[in-house]
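Everything below concerns the one structure shown next.
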């Protein structure tokens, strides 16, 4: 079987079950038949996945203190091969790439960010904080800069060439929990539900865009900047996603663009661990947009959804178990419903990567030692943007 043979899926509404419901045979397909495990993989919790913007390389950050880089060859029936790896002195919490794909930058509990040069195969410390660095991203402004945000309530901006040099620092109201960038826009989600956004102008000055409380009622777990650069999506611990815009005035009918929806929630009917007449809310651990403007979410329930924010529809769902007529793709690679801890699309949205790894939302009692990364070929119909609803 070719790794990049096609499959199909049926779109449907946000927060609603989607796809055909006529018979069990058409309601569920098996996903995972083409999925390839990324080996050798991490030996501890997987914190982040990131594809190169220039080539099919995947970087994986883990609590085992390692960053692993894999090369993906779409033409090969066994498309994944290990490329390089390097280490931190403590768990690695985040990883990203430079804009030209020549550098991998990671950060973690050792309070430093390290840059791995893909041309020389050497890592070097390029940034430091007083506490663990929770998030690291590349910002395409001023020729390209590195942004780090930590639990020391500081956000720092660094130029890496010719030598690492801190050029800006912003005192945050609270500890950084998640961060993302798009172009010259940066968004940071913090403790106590704070969200701060700014752009970096060509003179290197920070220009505020917004600062407010998250519309979600509980702690922020994940964040992704919208690919248009005009807002962001937040994922919360309560199984909910909010899509927000920096400028969102009401239209002539008094409507605004922002919205929120429920996801990664389970009732007794499709999750036997949940008591009857109750719903179990799982954290939205990861959000990832692709080049088409659609996005994916990965949850603590062990499922993944593809969404279109323009039409506010769910494009695809893959999960593990459920009623016979539930529209889904049976998640063959995750039969034990281990949380999805990280997800990523490659640069042209033909490959989707996901990590199966315990997220500690049940404490030590629910700990599971399984940590795996898979890549999956993506069918364009599963990520194609749909027109807005009338």
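Of note:
- Residues in segment 84-100 that are more than 26 Å from residue 143 (Cβ to Cβ) and within 17 Å of the chain's Cα centre (by Cα): 92, 93.
- Matching residues in segment 56-113 - criterion: being part of a loop (DSSP other than H, G, I, E, B) and at pLDDT below 95: 73, 74, 75, 76, 77, 78, 79
- Number of the exception - residue 234 against (1) farther than 30 Å from residue 363 by Cβ; (2) within 21 Å of the chain's Cα centre (by Cα): (1)
- Failed condition for residue 77, given (1) touching a residue at least 60 places away in the same chain (Cβ under 8 Å); (2) under 21 Å from residue 162 (Cβ atoms); (3) surrounded by fewer than 19 Cβ atoms within 10 Å (Cβ to Cβ): (2)
- Segment 153-206, subset at positive phi and without any contact (Cβ under 8 Å) to a residue 60 or more places away in the chain, residue surrounded by the fewest Cβ atoms within 10 Å (Cβ to Cβ): 192
- Only residues that are touching a helix residue (DSSP H, G or I) at 6+ places or on another chain (Cβ under 6 Å) and part of a strand (DSSP E or B) were counted in segment 193-250, giving 1.
- Taking the criterion of being closer than 19 Å to residue 208 by Cα and surrounded by fewer than 20 Cβ atoms within 10 Å (Cβ to Cβ), the residues of segment 228-245 that qualify are 228, 229, 230, 245.
- Filter result (within 17 Å of residue 182 (Cα to Cα) and in contact with a strand residue (DSSP E or B) (Cβ under 6 Å, 6 or more places away or on another chain)) within segment 227-242: 227, 229, 230, 231, 232, 233, 234
- The one condition in (1) at pLDDT below 80; (2) within 18 Å of residue 305 (Cα to Cα); (3) in a loop (DSSP other than H, G, I, E, B) that residue 385 fails to fulfil: (1)
The values are calculated or read from the model by the stated rules, or taken from the named source; none is laboratory data. Worth saying up front: this structure is predicted, and the values here are computed from it rather than measured. For neighbour counting, all protein chains shown are included, and Cβ atoms are generated from backbone atoms with ideal geometry for every residue, glycine included.
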